[in-house]
Amino acid sequence: MTDLLVLDDVHVYYGPFHALRGNTLTVGEGEIVSLLGGNASGKSTTMKTILGLVKVRSGTVQLAGRDITHASTRARVQSGIASVPEARRVFPQMTVDENLLAGAYTRRDKAGVAEDLERMRDHFPRLAERRRQEAGTLSGGEQQMLAFARALMSRPKLVCMDEPTMGLAPKLVDQVLDEIARINAELGVAVLLVEQQAELALSIASRGYVLATGEIVLQGQAQELLDDPQIREAYLGKGVAS
């Protein structure tokens, strides 16, 4: 599998605080990779580093073989990175269609944007039904679908998803994970999935990385991480079923 995203020996600081400590990770083309860890482990900082929201002190970030370490967030979106932020963050007073069009803000190909708008309506029929409805009136699950679709409007190669199951009712969590797997399978988009719920994230991923205090302390195939009882207890939390 060809590497799409490569972080190589990345160090990030917040003032004197060493937030990421020489981390190296890869996401292959069309792959789902989970980034796991507890609070303050460095997951969100890793995501912000990939999106260009924090500066790298040393090391490199590459996308499709191109060094984007010092590229702007806008340039990274144009290069093929999109994000689904924590807590969805749809624009509540804008309609579903207006939210989708906001996802294409870096594009100038009006015909292509119109085609993708129709494609998102086909892919997410519930959003098509609510196209003129204000996003703030949607259910939590529908807002998460909208956040996914909005990210796809930039035609990304990679989507970074930050805690996509957070705040959802348990019955919606499996639906959201199924949708992530469907996006990956049908559209071929790679996914970096940041999650605290390890069992859920690894159930749809091919590989995983585990962060603790800014360092990648474990990595491996998803099933191997799930099956190792010592790893499960030490790093994946007591919430992982035995």
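Read-outs throughout are calculated quantities, based only on the coordinates presented, and are distinct from any laboratory measurement. These numbers were taken from a predicted model, which means no experiment stands behind them. Counting neighbours? That spans all protein chains shown, and the Cβs are built from the backbone with ideal geometry, glycine included.
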inquiry  = My understanding is that a pair violates if its Cα-Cα distance is over 25 Å; which of K55/K110; K48/K157; K55/K157; K43/K157 do that in this structure?
reply    = K55/K110
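Would you kindly work out the equivalent ellipsoid of the stretch 58-169 from its C-alpha gyration tensor and give its semi-axes, the square roots of five times the eigenvalues, largest first in whole Å?
Values for the stretch 58-169, descending: 26, 17, 11 Å.
Sort largest first and round to whole Å: the equivalent ellipsoid semi-axes of the chain, each the square root of five times a Cα gyration tensor eigenvalue.
Ellipsoid semi-axes (Å, largest first): 29, 22, 16.
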message = Averaged across orientations, what area in nm² does the convex hull of the alpha carbons in the stretch 110-242 project?
response = 9.4 nm²
request  = Give me the angle, in degrees from 0 to 90, between the Cα long axis of helix 170-187 and the longest principal axis of the Cα atoms of the chain, rounded to the nearest 10.
outcome  = 80 degrees
request  = Find the relative contact order for the chain and round it to a whole percent, using C-alpha pairs within less than 8 Å whose residues are 6+ positions apart.
outcome  = 27 percent
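Per Stokes-Einstein, at 20 °C and 1.002 mPa s, what whole-number D in µm² s⁻¹ belongs to the stretch 164-235, with the Kirkwood radius over Cα pairs as the hydrodynamic radius? It would help to have the intermediate numbers written out before the result.
Details: Rh = 13.2 Å.
Rounded, D is 163 µm²/s.
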message = Can you compute the charge dipole magnitude of the chain about its Cα centre, using +1 on each Lys and Arg Cβ and -1 on each Asp and Glu Cβ, nothing else charged? Give it in debye, rounded to the nearest 20.
response = 880 debye
inquiry  = As I understand it, the value is the acute angle between the Cα axis of helix 140-152 and the longest principal axis of the Cα atoms of the chain; what does it come to in degrees, rounded to 10?
reply    = 90 degrees
Estimated dipole of the stretch 62-196 in Debye, rounded to 20 [Cβ of Lys and Arg +1, of Asp and Glu -1, Cα centre] = 440 debye
query = So how far, in whole Å, is the C-alpha centre of the stretch 26-46 from the one of the stretch 202-229?
reply = 9 Å
request  = Name the residues whose placed amide hydrogens come within less than 5 Å of the amide hydrogen of L4, ignoring near sequence neighbours (fewer than 5 apart) on the same chain.
outcome  = V27, G28, E29
ask   = Ordered by packing density, taken as the mean number of other Cβ atoms within 10 Å over each peptide's residues, highest first, how do 32-43, 108-119, 215-226, 135-146 rank?
value = 32-43, 135-146, 215-226, 108-119
note = Descending packing, highest mean Cβ count within 10 Å first, for 100-106, 59-65 is 100-106, 59-65
query = In the stretch 106-164, how does Rg compare with the Kirkwood Rh, expressed as the Rg/Rh ratio over alpha carbon atoms?
reply = 0.97
inquiry  = Treating the stretch 1-73 as a set of equal point scatterers at the Cα positions, no solvent, please give the Debye-formula log₁₀ I(q)/I(0) at q = 0.11, 0.19, 0.26 Å⁻¹.
reply    = -0.25, -0.75, -1.32
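Multiplying the sequence separation of E186 and D122 by 0.36 nm and subtracting their Cα-Cα distance, what value in nm do you get?
Full extension of this stretch gives 21.8 nm more.
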